[in-house]
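Accompanying notes for the structure given below.
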Amino acid sequence: MDKHSTNLTVPWFKIMHAGFNAGFRWTISSVVLGLLAFLMGNGVEASIHVILWSPIAMFAMGLMFASLGLFYICTCRFKWARFMVCLFWFLVAFANLGIFVFLPHVCLFVCLRFTVYQAGAWDFSGANFFWVSILSIATLWWSWKLVQAQWIRSIWAKCLAYVNDTEGARKKLAKAIPDLSKKQPLLPKFFSKKK
């Protein structure tokens, strides 16, 4: 637990209840507003199928909103949650940009696998030796440049600053508790009776 975080009391159940109600209400609105268009495009049988499955979607979205609210509070309160956020974004970025980071390595592997080793025998000609040498040099140069890259170090420094910023997280927590624990109605406004 972070230092100074224990000074604020967090109404966990109120936040869960408000998040669940917000997600449930949002899903009901989406189902009601989208049902007419779905009915016109897919027919009555498909619409009945959607109506029968919509309570599960409403419950799932309510749980998801409640979980998101709790996770936001955890990121404001605990250092491990802020570390998990950084790890998540690192994995998302790596999944999308990892091929560019390892592109020379992939090219070298492809060259060694498909060019040098052909038909079960080593065909180490002058051209193959040239391309393997060029790709090996490119791989070493690329790896060295990645190690020296300032932008990687600056991203790492920003992640560490975010994880270790307990005072900023405490201020966010103090601001977020009243907003996230505010009582939310379960049903949308158009279901309530007009006075």
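Computed from the coordinates by the stated procedures, all read-outs in this text should not be read as laboratory data. Computed from a predicted structure; not experimentally measured. Don't worry about glycine lacking a Cβ; one is built from the backbone with ideal geometry, like all the others, and counts go over all protein chains shown.
Remarks
- Stretched out straight at 0.36 nm per residue, the stretch from residue 158 to residue 130 would grow longer than its current Cα-Cα span by 5.9 nm.
- Likely footprinting exposure, 181, 47, 154, fewest C-beta neighbours within 10 Å first: 154, 47, 181
- Residues listed by number, region 59-94, amide nitrogen under 19 Å from residue 174 label point at 7 Å toward C-beta: 73-79
- Charged side chains reduced to their Cβ positions (Lys and Arg at +1, Asp and Glu at -1) give the chain a dipole of some 1280 debye around its Cα centre.
- Nonlocal Lys pairs with alpha-carbon distance under 15 Å, the chain (8 or more apart, or different chains): 8
- When shorter helices are ignored and each DSSP H run of at least 4 residues is given -39500 (n - 2.57), the per-residue value for the chain at 222 nm works out to -26500 deg cm²/dmol.
- Relative contact order, percent, region 5-189 [alpha-carbon distance under 8 Å, six or more residues apart]: 42
- Think of each Lys and Arg Cβ as +1 and each Asp and Glu Cβ as -1; about the Cα centre, that makes the dipole of region 1-106 roughly 480 debye.
- R0 of 41 Å, Cβ-Cβ distance residue 49-residue 183: FRET efficiency to nearest 0.05: 0.75
- Per principal axis, descending, Cα span of the chain in whole Å: 88, 57, 23
- Hydrophobic long helices, here whole DSSP H runs in the chain with Kyte-Doolittle means of at least 0.0 and Cα atoms spread over 15 Å or more along the helix axis, are found at 12-42, 44-77, 79-101, 126-148, 150-164.
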